[in-house]
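*Asks:* The structure is given below, and queries will be raised subsequently.
Coordinate-derived values only; no laboratory data. Everything quoted here is computed from the prediction, not taken from an experiment. We place every Cβ from the backbone using ideal geometry, glycine too, and count neighbours over all the protein chains shown.
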Amino acid sequence: MRYLMLLYGDESAYASVTPEQMGQMLADYNAFHGEMAQRGNMLAAERLQPSMTATTVSVSNGKTITTDGPFVETKEQLAGIYVFECKDLDEAIEVAAKIPAARHGKIEVRPIMEVPTEEELANLPQE
């Protein structure tokens with residue numbers, strides 16, 4: 001099963017990160033990515049621009065409405081995402097705990113819903 005891992009952290013904390021701390025964070029992520037590459041279960045990894053660059057979009061009465069900034073104001077902002085193939089939630093939690101961001105932020109683990117293909121839908125038993 002595929003799992004989406006949402007990385008949350010306090011963006012303001014990054015303003016005070018020293019070059020040495022940044023170097024250690026990069027080394028930690030490189031080690032994590034190396035371990036996951038050996039496992040072969042990392043399907044996607046993306047770091048996001050700061051939340052102030054976000055645009056929220058909605059549609060009301062057929063009209064597109066945009067708002068600068070994230071959907072909600074929170075202490076911790078969405079900073080990045082991973083997608084992993086894991087056999088079950090226990091393995092997904094084990095992987096999430098190894099993400100360096102888990103040490104100073106939070107990782108939300110969400111199973112990805114598998115949507116059947118048109119062919120699979122066509123082959124479902126008919127009542």
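*Asks:* Which FRET efficiency value, to the nearest 0.05, is calculated for Gln24 and Val83 with the Förster distance at 35 angstrom and r the Cβ-Cβ distance?
*Replies:* On the way: r = 25 Å, r/R0 = 0.73.
In this case the efficiency is close to 0.85.
*Asks:* When percent of Cα pairs over 25 Å apart is calculated directly from the model, which label among [x] 42; [y] 24; [z] 28 fits?
*Replies:* [x]
*Asks:* Still on this structure, please answer the following. Toward the positive end of the charge dipole of the chain, about the Cα centre and with charges on Cβ (Lys, Arg +1; Asp, Glu -1), which of Gln49, Ile65, Leu89 goes farthest?
*Replies:* Farthest towards the positive end: Gln49.
*Asks:* Using 0.36 nm times the number of residues separating Val115 and Val57, minus their current alpha carbon distance, what extension gain do you get? Don't skip to the answer; put the middle values down first.
*Replies:* Working: separation 58, 0.36 × 58 = 20.88 nm, distance 2.44 nm.
Result for the pair: 18.4 nm of gain on full extension.
*Asks:* With +1 on each Lys and Arg Cβ and -1 on each Asp and Glu Cβ, and nothing else charged, work out how big the dipole of segment 74-127 is about its Cα centre, in Debye to the nearest 20.
*Replies:* Working: 6 positive and 12 negative charges, 141 e Å.
Here the size comes out at about 680 debye.
*Asks:* If you don't mind, there's one more thing I want to ask. Between Ser12 and Thr64, with labels modelled 7 Å along Cα→Cβ, what's the label distance in nm to one decimal, could you check?
*Replies:* 3.3
*Asks:* Let's see if you can work this out: charge +1 on each Lys and Arg Cβ, -1 on each Asp and Glu Cβ, no other charges. What is the dipole magnitude of segment 2-114 about its Cα centre, in debye to the nearest 20? Mind showing how you got there, number by number?
*Replies:* On the way: 10 positive and 16 negative charges, 39 e Å.
For this selection, approximately 180 debye.
*Asks:* What is the order of Met36, Met1, fewest Cβ neighbours within 10 Å to most?
*Replies:* Ranking Met36, Met1 by Cβ neighbours within 10 Å, fewest first, gives Met1, Met36.
*Asks:* Using the Karplus equation 6.51 cos²θ - 1.76 cosθ + 1.60 (θ = phi - 60°), what ³J(HN,Hα) coupling, rounded to whole Hz, does each residue of segment 108-117 give in order, writing x for Gly and Pro?
*Replies:* Values, residue by residue: 9, 9, 10, x, 8, 6, 7, 9, x, 6 Hz.
*Asks:* Near the amide H of Gly80, under 5 Å away, which other amide H atoms are found, from residues 5 or more places off or on another chain, if H is placed in the peptide plane?
*Replies:* Amide H neighbours of Gly80, under 5 Å, 5+ apart: Leu7, Leu48.
*Asks:* Next question. Per DSSP H run of at least 4 residues, take -39500 (n - 2.57); add these up for the chain, divide by its residues and hand me the 222 nm value, nearest 500 deg cm²/dmol.
*Replies:* My calculation for the chain gives -9000 deg cm²/dmol from helical runs alone.
*Asks:* Skipping prolines and chain starts, which residues have an amide H placed within reach, meaning under 5 Å, of the one on Ala54, given they are 5 or more residues away or on another chain?
*Replies:* The answer is Gly69.
*Asks:* Checking the cross-link filter: which lysines have an alpha carbon closer than 18 Å to that of Lys98, excluding same-chain neighbours under 8 positions apart?
*Replies:* Straight-line reach from Lys98, under 18 Å: Lys87, Lys106.
*Asks:* Sort Tyr29, Tyr82 so that the residue with the fewest other Cβ atoms within 10 Å of its own Cβ comes first and the one with the most comes last.
*Replies:* On the way: Tyr29 16, Tyr82 23.
Lowest count first: Tyr29, Tyr82.
*Asks:* Could you pull out every residue, at least 5 positions away or on a different chain, whose amide H is within less than 5 Å of the one on Ile112? Hs are placed 1.01 Å off N in the peptide plane, and Pro or chain starts have none.
*Replies:* Amide H to amide H, under 5 Å and 5 or more residues apart or across chains, Ile112 pairs with Arg2, Tyr3, Leu4.
*Asks:* Can you list the HN-Hα couplings for segment 80-85, worked out from phi with the Karplus curve (6.51, -1.76, 1.60; θ = phi - 60°), rounded to whole Hz and with x for Gly and Pro?
*Replies:* x, 9, 10, 10, 10, 8
*Asks:* Can you list the HN-Hα couplings for segment 7-20, worked out from phi with the Karplus curve (6.51, -1.76, 1.60; θ = phi - 60°), rounded to whole Hz and with x for Gly and Pro?
*Replies:* Along segment 7-20, the couplings run 9, 10, x, 8, 4, 5, 5, 5, 5, 9, 6, 7, x, 5 Hz.
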